[in-house]
Amino acid sequence: MTDYLLHLADTTLILSQRNSEWCGHGPILEQDIAITNISLDLLGQSRNFYQYAAELISQKNGNTVTEDSLAYLRDPSEFKNVLLAELPRGDWANTILRQYLFSEFQFILFEQLKNHSDTQIAAIAAKGIKETTYHIRWSKEWVIRLGDGTAESHDRIKAALSTLWAYTDELFIPAEYEVNLGIDFDIMKKIWLEKVIAVFEEATLSIPENIVMQTGGKNGLHTSELKLILTEMQQLQRTYPGAEW
Amino acid sequence: MVNNNTISKEKIWEILGTVTDPEVPVLTILDLGIVRDVVVTNETVEVVITPTYTGCPAMDMISMNIRIALAEHKINNVKITSVLSPAWTTDWMSEAGKQKLKTYGIAAPNKNFEIPEDGVECPLCNSINTRLISQFGSTACKALYQCNDCKEPFDYFKCH
């Protein structure tokens, strides 16, 4: 269970960190605020998962693990986030599309988790799903706007799709720690594909063909990007252990 | 140190009614509906709160402000517990709170606009001829609108 919690926490933390790179750099002020608000929601979700994981680990091992030590003091190979989350932010189209693909997935996942037998996981999911609803609505509108927009916006989101699609399978391939949790990955993939394809049609986009799917993040096998994110994110705690605001 | 035997639950609720939201200072935490329970025992006063938005940075500050408010009444053995379930909803916001929001210039959450697009009432001129600028506003709980009549931009406290 703790591995699964860390997987959920790591994915939302790393995606939050990626989106927060837009802070002060968004295309216009309102959209800068939107993407950083989403970043904040993801960070909140990740804190909930880390706090719960820390509680379980501390109970089991009798040591004091905290949400901060889990986020700031683990090495890249210990992170269990999906690869999709750690990819560079790219241009606006790439950031938008990644958020959309992830949010649709997260909504379906939380729909399942909110009925989970573990009441704390269920509570976190039931809380998070309200926020995810906004994330989907916002990112979906942008995917359609860019796809069915100008020649340039279409080309950009099409390019983003050909890059990101290779990282979507991993969302639905259970890691060992996900096998006995009562999550139906096949159903999730079916629902997700239906939703995504409907939006792509409206956005005049199509799923790229002959893509070799990439996996590994859930088991700690990451791209070199993760190391760079963590170097930046963990620098303060690594340099000044125990520093507090 | 005051013996908690002498502190009534009602008194605690009364003190909590003076603690305001750091982001929307016209609202008290009772207006927001985030205090779920108060438990007074011989040793401690436990205040059970629930976060509005998962990532709302105001929650840490609210916890601190609760401690400060109670400490001012010499109540120091305070335990603040955060619960996630049932998830907070804007339905728990008091009517008084909604009125205070409007006076403050923020359109109150309105269940009729579950998908807030059109018809959110301008808190300044009461026109419903308004438009959504952005689903995300200056804080996690707000969306940005503009009134087509008086032209004022304003915040809408999102239904949640």
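Listed residues A:115, A:63; which is surrounded by fewer than 16 Cβ atoms within 10 Å (Cβ to Cβ) and within 14 Å of chain B (Cβ to nearest Cβ)? Walk me through it before giving the result.
Details: A:63 fails: within 14 Å of chain B (Cβ to nearest Cβ).
None of the others qualify; the one that does is A:115.
Listed here are the residues, each with its yes/no results for (1) out of contact with any helix residue (DSSP H, G or I) (no Cβ under 7 Å at 6 or more places or on another chain); (2) open to solvent by 40 Å² or more (accessible area, probe 1.4 Å).
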residue: B:75; (1), (2): yes, no
residue: B:90; (1), (2): yes, no
residue: B:94; (1), (2): no, no
residue: B:103; (1), (2): yes, yes
residue: B:133; (1), (2): no, yes
residue: B:144; (1), (2): no, yes
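Go over the candidates A:205, A:146, A:221, A:181 one by one and state the one that is in contact with a Lys or Arg (Cβ under 8 Å, 6 or more places away or on another chain) and part of a loop (DSSP other than H, G, I, E, B). Steps first, answer last, please.
Working: A:146 fails: part of a loop (DSSP other than H, G, I, E, B); A:221 fails: in contact with a Lys or Arg (Cβ under 8 Å, 6 or more places away or on another chain); A:181 fails: in contact with a Lys or Arg (Cβ under 8 Å, 6 or more places away or on another chain).
A:205 is the lone residue from the list that is in contact with a Lys or Arg (Cβ under 8 Å, 6 or more places away or on another chain) and part of a loop (DSSP other than H, G, I, E, B).
Considering only the stretch A:27-70, state which residues are within 26 Å of residue A:133 (Cα to Cα), among the hydrophobic types (A, V, I, L, M, F, W, C) and part of a helix (DSSP H, G or I).
Result: A:29, A:33, A:34, A:35, A:38, A:40, A:42, A:43, A:49, A:53.
Give A:170, A:194 a once-over and let me know the one that is surrounded by fewer than 14 Cβ atoms within 10 Å (Cβ to Cβ) and assigned to a helix (DSSP H, G or I).
Values: A:170 fails: surrounded by fewer than 14 Cβ atoms within 10 Å (Cβ to Cβ).
Residue meeting the stated conditions: A:194.
Look at residue A:103 and say whether it is assigned to a helix (DSSP H, G or I), of a type in the set (S, T, N, Q) and more than 14 Å from chain B (Cβ to nearest Cβ).
Numbers: assigned to a helix (DSSP H, G or I): yes; of a type in the set (S, T, N, Q): yes; more than 14 Å from chain B (Cβ to nearest Cβ): no.
No.
With respect to residue A:94, determine if the residue is at pLDDT 95 or above and surrounded by fewer than 23 Cβ atoms within 10 Å (Cβ to Cβ).
On the way: at pLDDT 95 or above: yes; surrounded by fewer than 23 Cβ atoms within 10 Å (Cβ to Cβ): yes.
So residue A:94 fits the description; yes.
Could you check the stretch B:119-134 and list, in sequence order, the residues that are touching a Cys at 6+ places or on another chain (Cβ under 8 Å) and not polar (S, T, N, Q)? Step through it out loud before you land on a result.
Just the residues of the stretch B:119-134 that are touching a Cys at 6+ places or on another chain (Cβ under 8 Å), to begin with: B:122, B:124-125, B:127-130.
Correct list: B:122, B:124, B:125, B:128.
The values are calculated or read from the model by the stated rules, or taken from the named source; none is laboratory data. This structure is a prediction, so every number in the text was calculated from the model and none was measured. Here the Cβ is made from the backbone with ideal geometry for all residues, glycine too, and neighbour counts use every protein chain on show. Ligands, DNA and RNA are stripped out before the accessible areas are found, and what is left, the full protein with its side chains, is counted by its heavy atoms. Shrake-Rupley method; radii C 1.70, N 1.55, O 1.52, S 1.80 Å.
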